[in-house]
1. Tell me which strands (runs of 3 or more DSSP E) are completely within region 51-161 and hold 1 or more residues being more than 21 Å from Asn212 (Cβ to Cβ) and acidic (Asp, Glu), or say none if there are none.
2. Of the residues that make up region 110-128, is at least one surrounded by 14 or more Cβ atoms within 10 Å (Cβ to Cβ), in the same structural domain as Ala225 (by TED's automatic domain parsing) and farther than 19 Å from Gly54 by Cα?
3. Tell me, please, whether a residue that is polar (S, T, N, Q), surrounded by fewer than 16 Cβ atoms within 10 Å (Cβ to Cβ) and not in a loop (DSSP other than H, G, I, E, B) can be found in region 373-382.
4. Taking strands (runs of 3 or more DSSP E) that fall entirely within region 185-274, which contain at least 3 residues that are at pLDDT below 95 and in contact with a Gly (Cβ under 7 Å, 6 or more places away or on another chain)?
5. Name the residues in region 332-363 that are part of a loop (DSSP other than H, G, I, E, B) and at pLDDT 95 or above, would you?
6. Please go through region 130-155 and give me each residue that is free of Cβ contacts under 8 Å to residues at least 40 places away in the same chain and either among the acidic types (Asp, Glu) or buried (at least 18 other Cβ atoms within 10 Å of the Cβ) (or both), ordered by number.
7. Could you please give the count of residues in region 174-199 that are under 28 Å from Arg308 (Cβ atoms) and without any contact (Cβ under 8 Å) to a residue 40 or more places away in the chain?
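The values are calculated or read from the model by the stated rules, or taken from the named source; none is laboratory data. None of the values given here were measured: they were computed from a predicted structure. When we count neighbours, we look across all protein chains shown, and the Cβ atoms used for this are built from the backbone with ideal geometry, even at glycine.
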Amino acid sequence: MGEAAHTRWWRTALLASACLVLAACGGSAPKAQDMAPVGTSEAVKISPQPGTVGVALNAPITVTSARGTLEHVDVTDKNGAYLAGAFNAERTTWTATDPLRPNTDYSVRAIADDHGDPVTNLSTFHTKDLTEAQSLIAEQVTPADGDKVGVAYPMIVQFNHQVHNRKAITDALAVETFPHVDGAWYWIDPATVDYRPQGYWPAGTVVTLHANLRGIDAGNGLWGAADRTSTFTVGRQQEIDVDVKADRMTVVRDGKQVASFPISSGKPGWETRNGTKVIMEKVTDKTWTNQAIDAPEHYVKHSQWALRMTNSGEFIHDAPWNAAHFGEDNASHGCVGLSTDNMSWLFDHIMVGDPVVVTGSPVPFVELDNRIQDWNVPWDRWLGNNLDLSDH
């Protein structure tokens, strides 16, 4: 070995020896938290406590660093779905911003920088199990996902239980429209809430409901158990106008009259009600009996085509037995009757969700639960949202 090489080796050996002596004296010994097993660091606190079961769905989920800043926090369920959260300005606390799912195992992994030394903590917890009686879901959404309907069909959400904390639930129901249309919710009964704009939906509007119910306190021991999304599309603009005094029906599409028919509507004591209704369903081969509406006279009649306007049984249908009354007077038990040929045309050109505006009747259509009566509620009243249902 040359003299220069020997000198370099000797200096390296001396430096190595010095490092060993310093280590032996404790000058660079590892700190206690660096030796602690992962998951037991006291520098990072997780709430709820590790292993907690029955965590309430509105319980705060927090991670706090006692001596440094939080670098990373992951809270996931068994499927790997993340629970969203946010850090405070100092990055010493992380708080979940998403609601919890019921009956779910969550894992927490948190990493903090304790003045240059990384520390990690792990935890698990399980959320409260909900029985069916405690679980609130949007059991039925109408129009159904993927439907195309007329301009007067409101968004209807029916829940599986009566809702007590109605504000929290309506706040969790987000409606997205394209193009944008303003609207508002209105409670029809304790388990049904409707959404509509001030006027009819513009033709072509795409309406999407995001029912973000998961983890929402619905009151009286009920909790939102699942989210739901549903989308429908609004078709062309069309309205059916029924003048019961003139015994005439007019069909207006995109502002232009496309058809006009003589009709016969409800006779005295059985008047067709005034107001705006909505075509709820299209039915073929319909049988009418006096027992269905408690009419005193006996009858059994058959129609090829029928369009439902109310739950209580107002329809538009072919009524050949009333042919002598079309355009002359009103002789039905509340329905609007047309000739078979005219009804055939109407049935083919009607869409569920088309509005029917009845004028000239002395009896108004006012019962909210006799669906769908939404368009007869004044807009100012609708905007009040009637959360306590005091106007029912």
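1. Per the criteria, 69-77, 105-114, 117-127.
2. Checking region 110-128: not a single residue is surrounded by 14 or more Cβ atoms within 10 Å (Cβ to Cβ), in the same structural domain as Ala225 (by TED's automatic domain parsing) and farther than 19 Å from Gly54 by Cα.
3. No, region 373-382 has no match at all.
4. Hits in region 185-274: none.
5. Matches in region 332-363: Cys335, Ser339, Ile350, Met351, Val352, Gly353, Asp354, Gly360, Ser361, Pro362, Val363.
6. Once the filter is applied, which keeps residues that are free of Cβ contacts under 8 Å to residues at least 40 places away in the same chain and either among the acidic types (Asp, Glu) or buried (at least 18 other Cβ atoms within 10 Å of the Cβ) (or both), region 130-155 yields Glu132, Glu139, Thr142.
7. Residues that pass the stated criteria total 9.
Each row is one residue, and each column tells you yes or no for (1) in contact with a strand residue (DSSP E or B) (Cβ under 6 Å, 6 or more places away or on another chain); (2) surrounded by 13 or more Cβ atoms within 10 Å (Cβ to Cβ).
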site	(1), (2)
Val244	no, yes
Thr250	yes, yes
Arg253	yes, yes
Lys267	no, yes
Ala292	no, no
His302	yes, no
